[in-house]
Every structure is written in structure tokens, then in C-alpha cells.
Amino acid sequence: MDGNRATWRAALMAAATLAGEVTAAERPNVRLIHADARLAVSQALDSAAARLGRPDCAAILDEFEDVRGRSLQDNLTALSIDAPAYLGTVLFYDGETDPGCARQEVVAVAVPGIRIVKICRGFFRRWKLRPDEAEATLIHEALHTLGLGENPPSSREITARVLKRCH
């Protein structure tokens, strides 16, 4: 009986995540080891999703293209999902052992077109000091998962454009 209840709860959580109705403490796509880290990323994701729910912020997807020249909005439309719900499909993992997290200024890492974001140690300092920048970082990384490459545009330019559009 308990196993069935757990399975049922997991199914409900997955459905609620896709519908964008999950609270920070319940985000199953945030798979960091430490509970406090999971909560920090989940709270930042909730705020980032709220920002992406606004048309002015969601329009950031029209400002960038993937490596094939398709707009990120076109890539999202092909998935039949909106931007806030898309964040619930991206998987967030600890990045401490990821080589991309070796530099102190790097707070998250994603490979274009792959729905995995590695969260680096510096993310938590940014989240405590500048939550708006932490939220912009998660949106920035979500753009990579939709196919956005980097250099050009630079990482700083991507985040600056997200901050400007999603303030």
C-alpha cells in the first residue's frame, strides 16, 4: 500500500510540475544532494518561472537562436510547452565535480540542447546576495538547454539581456 501511495504521489508531482503548480520544496527536477541546496535552487526556479510567465520576459526566447539558426521560441513551441513549464523539465544536478564549475566565477553549466544544468558552488553565494541574478542565471542556463550556444554571445551578454528583459 505504501509503495502504491509513493508511486501515485510521484505521478501527481510529475504532472503538477509540467503544469507549473509545484512549490519550491516539491520540485522533482532539482536533484541536488543537499536539502538546503535543493531548496535554494527550487526557490530560484519558482521565481524564474514566474518571470518567464510574463510576456515581456518570455520574449527573451525570440532574441536568441540555436546553432542551426532557429529561434529558441521555435524550439520551445515544438515541445508544445510554455516557458515556465519548460523549467520543470530541465534537470538540475550538483556540479562540484564538473570541470565547467572549476572557475570561481562560474555558477552554473549547461550544454546546448541537453536538458541538464549543473549547479556550481558559487550559485548559492549569488542566490543569497543577488537573488535576481540567480534567477537570471537559471533562465540563462535554460536558454542553453533549448540550444543557445555561447561566444558569441558571451555569457555576460546573455545574463545582461535576461536581466534587462526579465527585471
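The values are calculated or read from the model by the stated rules, or taken from the named source; none is laboratory data. For clarity, every value in this text was computed on a predicted model and none was experimentally measured. Glycine also receives a Cβ, built like all others from the backbone with ideal geometry; neighbour counts cover every protein chain displayed. The accessibility values were calculated without ligands, DNA or RNA, using every heavy atom of the protein model including side chains. Shrake-Rupley method; radii C 1.70, N 1.55, O 1.52, S 1.80 Å.
With a 1.4 Å probe and all protein chains in place, put 167, 144, 34 in order of accessible area, largest first.
167, 34, 144
When both the stretch 127-154 and the stretch 58-77 are represented by their alpha-carbon centers, they are found 14 Å apart.
Of the trypsin sites (Lys or Arg not before Pro) found in the stretch 27-59, those in coil by DSSP whose Cβ has at most 16 other Cβ atoms within 10 Å are 31. Where the alpha-carbon atoms of the stretch 123-167 are placed on the principal axes, they occupy 28, 18, 15 Å, in descending order.
Taking all protein chains as they are arranged and a probe of 1.4 Å, the heavy atoms of residue 123 leave approximately 0 Å² accessible to solvent. For the stretch 13-167, the ratio of Cα radius of gyration to the globular rule of thumb 2.2 N^0.38 Å stands at 0.94.
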